[in-house]
1. Where in the stretch 265-347 are the strands (runs of 3 or more DSSP E), entirely inside, with at least 2 residues that are in contact with a helix residue (DSSP H, G or I) (Cβ under 8 Å, 6 or more places away or on another chain)?
2. Show me the strands (runs of 3 or more DSSP E) found entirely inside the stretch 380-431 where at least 1 residues are surrounded by fewer than 20 Cβ atoms within 10 Å (Cβ to Cβ).
3. Tell me, which residue of the stretch 559-580 that is touching a strand residue (DSSP E or B) at 6+ places or on another chain (Cβ under 7 Å) and over 14 Å from residue 510 (Cα atoms) is surrounded by the most Cβ atoms within 10 Å (Cβ to Cβ)?
4. Somewhere in the stretch 396-406, is a residue within 21 Å of residue 506 (Cβ to Cβ), at pLDDT below 95 and in the same structural domain as residue 427 (by TED's automatic domain parsing)?
5. Test residue 514 against the stated conditions and say whether it is within 18 Å of residue 363 (Cβ to Cβ) and part of a loop (DSSP other than H, G, I, E, B).
6. If residue 176 meets every condition in (1) surrounded by fewer than 17 Cβ atoms within 10 Å (Cβ to Cβ); (2) outside any strand (DSSP E or B) apart from one, which number is that one?
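The values are calculated or read from the model by the stated rules, or taken from the named source; none is laboratory data. Everything numeric here is computed off the predicted structure, so don't read it as measured data. Ideal geometry is used to build each Cβ from the backbone, glycine not excepted, and the neighbour counts take in all protein chains shown.
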């Protein structure tokens, strides 16, 4: 999350409009002039894409007053049964119209991205023009995929796969084909489909994931030739249960930000300035004794010159902590390095500032003798800085990286790879010691990047054993987590998603041995999802939901009360959760 408000831009606008609407109702102020009616329209009202996958439409303001900003939001690409198609997306230029005057029109260029994994067939996608987060106009679009350029197929026989599967299980089907001369055809052009259509998603390569319980018919077609095989789908039988909220001691004078648990200590940061009687700004790190795991005790705090202590991290051996500074009163933003020889009474080693860090340090990751810092801003002066902390009293900036296009929000480092959550620029993977591209901490080298149009990459979790990266977008509602396959690090592919209405996700923690992802989902609370096995398609349709909890009387972010979940961490079988409004929670999974 960002103190400038980009993390809650849509929410803030909506709340202001709701408040204004309430204040200007006809009952309370009968003489108040009515607001101009928003009346937008796309012309034409629908688009059929050709093979070039590019088109244009006009967005028209048919109302009596100027409107703006108008956000252009592409909806999911879906197949004939409404299943979302991983990797396929619609993008627009521009992505937003700042102001559209009455009677005016703005031409919008549409670009469709369709990966090779999309099977032959007919598809739909929508585009909404939104004002104050509400849809004011909708464009429908369609396209077809037809890759049938090979020889004429006389016979097809499905091979591989299985006759039984669980929900969410992926089966890999293939075909044996012959031409009209009876000769084998290698790599034939085949159209795959599923009957009934809601039974699952099938890719152009014959990978099929089961959605619903019952009998699914997998059909392969090429011209007049076809074959069908049946799969009996049973329930996933994923873990299921609930969370018990076993402890919380409300922090009411400050908003709570990120946290970290190590050994018998927990550390929570603070965010922004809280507008309550006696409210304080985010200038503190709180220290908790968690020797009794289910009953933390506040034992110490560290005060710094900041208005946002957004992030806190602890080194793997527990000897060093780092907290980030934003909006310092003296303008000297940076980090504070802490000696954790006594974990419950941290001492300041040094406050490190530098001209490069003046905009503010938003997030940090510690990996060995290096700290990877995310600097606020959207120019080359921002981005990532790598700090040599081998001598914590004398840190040195040794490298930098900026991916261009938009600001960098977060960094996650593992196995010599840095995963940069670079907002609309996408996910960028750097070699910082892995060896795949000859990089090192002092010489980061880009390995690859992936962009999902319209998706703002806020955070990432890399799970090496599975070969997946989980991405979050903290703005869009309904919230969506993307799953990126990085088994080939040089060619990341979007393969799956998890969607939950009502709010957006924030930070993640994956219990990798258990195959359970814990997603902080702002007003929706904490969500536990089964992410075991191969992941493909829409995970929410695969009976993978394990548990969820709104632990604080409903959801309301940046408010006096109500669930506003920031981040989870699994520690000794419990889930520690930071909440913006109410501080640290301890939850016990009962699954």
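1. 334-339
2. Those strands (runs of 3 or more DSSP E) span 383-388, 396-401, 410-414.
3. Here the answer is 565.
4. Scanning the stretch 396-406 turns up at least one residue that is within 21 Å of residue 506 (Cβ to Cβ), at pLDDT below 95 and in the same structural domain as residue 427 (by TED's automatic domain parsing).
5. No.
6. Failing condition for residue 176: (2).
Okay, residues lined up against (1) outside any strand (DSSP E or B); (2) under 22 Å from residue 365 (Cβ atoms):
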{"residue": "233", "(1), (2)": "no, no"}
{"residue": "240", "(1), (2)": "yes, no"}
{"residue": "250", "(1), (2)": "yes, no"}
{"residue": "261", "(1), (2)": "no, yes"}
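Per-residue answers, yes or no, for (1) closer than 28 Å to residue 491 by Cα; (2) surrounded by 19 or more Cβ atoms within 10 Å (Cβ to Cβ); (3) at pLDDT 95 or above:
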residue	(1), (2), (3)
59	no, yes, yes
75	yes, yes, no
81	no, no, no
94	yes, no, no
103	no, no, no
119	yes, yes, no
